[in-house]
Amino acid sequence: MSRSTLDLVAQPELPTPEGLRERLFQAGYVADEDLASLVWMGLTLERPLLLEGSAGVGKTALASACARVLHRPLLRLQCYEGLDLSQAVYEWNYSRQLLEIRLAEMDSKVDPAAAAVTQRRLRESLFSEEFLLERPLLQAIRCAQPCVLLIDEIDRADEAFEAFLLEMLSEYQVTVPEIGTLPARSKPLVVLTSNGTRDLSDALRRRCLFHYLDFPSLGREMHIVRTLVPEAAGRLVEEAVAFVQRLRREDLEKTPGVAETLDWVRVLFHLGHLSLPIDPALLVPTLAALLKTRNDRWQVTAERIAKLVDGPRVGQDVGVAGGMK
């Protein structure tokens with residue numbers, strides 16, 4: 001959405017879910033009442049948010065929108081198999097520690113009488129915060145001002161890493177064995193996302209406020225596309241969204257999300273279409289915005305596209321009568 005964010009500057013955090021929903025809308029994110037209430041509860045209770053759902057439904061985008069709305073920096077940790085503390089929390093600056101040791105050795109040679117003092121000072125400082133390289137999780141709680149911490153795709157990380165998160169998510173602190181416990185200077189708004197590739201532990205879920213983000217209904221997705229692509233013709237939006245809704249019912253490897261719908265409508269708009277072309281040959285090249293695997297592209301043939309285009313009209317699709325929250 002091409003709305004200016006200047007009107008967001010210098011506004012206080014709104015005390016009501018409805019006010020927060022409006023702020024998210026101004027920042028380009030169309031949230032329903034339940035999702036806005038979840039963010040409000042997370043801010044009020046200082047609890048992490050766990051967003052679960054298929055890829056492309058807007059989980060990551062919510063964290064970005066919250067950062068804009070709250071005027072906070074966004075720190076992102078992308079999870080993957082094998083993620084460990086050195087990438088996620090902290091590691092020691094070994095090159096700087098080695099340099100410090102070399103300098104101490106040189107000082108000892110220059111002034112042997114002070115060697116004992118130099119060695120003692122080195123032992124005391126070598127494993128201190130001065131030599132600590134902060135990674136996203138530690139950065140988030142050591143920021144002078146609150147931030148938004150996005151822990152993306154937590155289901156891809158190992159269970160051992162998930163267990164480590166429990167201390168931070170419950171106490172907002174990190175324990176470094178060589179130093180001790182580092183408490184939070186500020187409490188971030190933590191947003192965890194999961195695509196559901198594995199079950200998360202009960203302990204992690206208990207520490208979070210939970211929301212499941214599903215693909216939007218026909219009426220709601222139309223509202224989202226109209227809001228974020230206002231330049232597209234109304235008929236084009238209606239027919240394109242209805243097409244995507246029917247496409248999601250196909251047996252696809254990667255179901256297109258809302259982000260793909262937005263990209264596809266923008267492509268059709270820039271091609272000059274005011275409505276969905278009836279000729280499937282005109283749509284085939286544009287499906288690169290919707291279908292992201294070779295098998296899906298092979299499966300959705302021109303004949304299949306023609307059937308999807310000729311599907312039930314907008315007024316007949318399930319969900320059009322469903323009110324949007």
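Data table
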{"quantity": "Total residues in region 256-290, condition in contact with a Gly (Cβ under 7 Å, 6 or more places away or on another chain) and either in a loop (DSSP other than H, G, I, E, B) or open to solvent by 60 Å² or more (accessible area, probe 1.4 Å) (or both)", "calculated": "2"}
{"quantity": "Residue in region 291-303 that is nearest to Phe269 (Cα to Cα), counting only those that are open to solvent by 20 Å² or more (accessible area, probe 1.4 Å), assigned to a helix (DSSP H, G or I) and touching a residue at least 12 places away in the same chain (Cβ under 8 Å)", "calculated": "Ala302"}
{"quantity": "Residues that are without any contact (Cβ under 8 Å) to a residue 60 or more places away in the chain and crowded, with 18+ Cβ neighbours inside 10 Å, drawn from region 185-212", "calculated": "none"}
{"quantity": "Residue ID - most open to solvent (accessible area, probe 1.4 Å), chosen from residues in region 304-315 that are outside any helix (DSSP H, G or I) and closer than 17 Å to Glu221 by Cβ", "calculated": "Arg313"}
{"quantity": "Extreme residue, surrounded by the most Cβ atoms within 10 Å (Cβ to Cβ), among residues of region 67-88 that are at pLDDT 85 or above and part of a helix (DSSP H, G or I)", "calculated": "Val69"}
{"quantity": "Residues being closer than 23 Å to Lys187 by Cβ, among the charged types (D, E, K, R), open to solvent by 20 Å² or more (accessible area, probe 1.4 Å) and not in a loop (DSSP other than H, G, I, E, B) - total across region 15-46", "calculated": "1"}
{"quantity": "Pairs, first under 16 Å from Glu159 (Cβ atoms) in region 72-99, second open to solvent by 60 Å² or more (accessible area, probe 1.4 Å) and not in a helix (DSSP H, G or I), C-beta under 6 Å, six or more apart", "calculated": "Ala88/Arg135"}
{"quantity": "Residue that is modelled with the highest pLDDT, among those in region 163-204 that are of a type in the set (Gly, Ala, Ser) and in contact with a strand residue (DSSP E or B) (Cβ under 7 Å, 6 or more places away or on another chain)", "calculated": "Ser194"}
{"quantity": "Test: residue in region 238-246 that is part of a loop (DSSP other than H, G, I, E, B), open to solvent by 10 Å² or more (accessible area, probe 1.4 Å), closer than 22 Å to Ser217 by Cα and in contact (Cβ under 8 Å) with a residue 24 or more places away in the chain", "calculated": "no"}
{"quantity": "Test: residue in region 138-145 that is closer than 17 Å to Asp84 by Cβ, under 22 Å from the mean Cα position of the chain (by Cα) and at pLDDT 90 or above", "calculated": "yes"}
{"quantity": "Residue pairs meeting the criteria (Cβ under 7 Å; at least 6 apart or on separate chains; first open to solvent by 30 Å² or more (accessible area, probe 1.4 Å), in region 128-147; second part of a helix (DSSP H, G or I))", "calculated": "Glu134/Arg142; Arg135/Gln87; Arg135/Ala88"}
{"quantity": "Test: residue in region 89-107 that is at pLDDT 85 or above, crowded, with 16+ Cβ neighbours inside 10 Å and aliphatic (A, V, I, L, M)", "calculated": "yes"}
{"quantity": "Evaluation of Ser194 against (1) more than 15 Å from Leu85 (Cβ to Cβ); (2) over 18 Å from the mean Cα position of the chain (by Cα); (3) hydroxyl-bearing (Ser, Thr, Tyr) (one fails), failing number", "calculated": "(2)"}
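The values are calculated or read from the model by the stated rules, or taken from the named source; none is laboratory data. Because the structure is predicted, anything quoted here is derived from the model rather than measured. Ideal geometry is used to build each Cβ from the backbone, glycine not excepted, and the neighbour counts take in all protein chains shown. The area values use the complete protein model at the heavy-atom level, side chains included, leaving out ligands, DNA and RNA. Shrake-Rupley method; radii C 1.70, N 1.55, O 1.52, S 1.80 Å.
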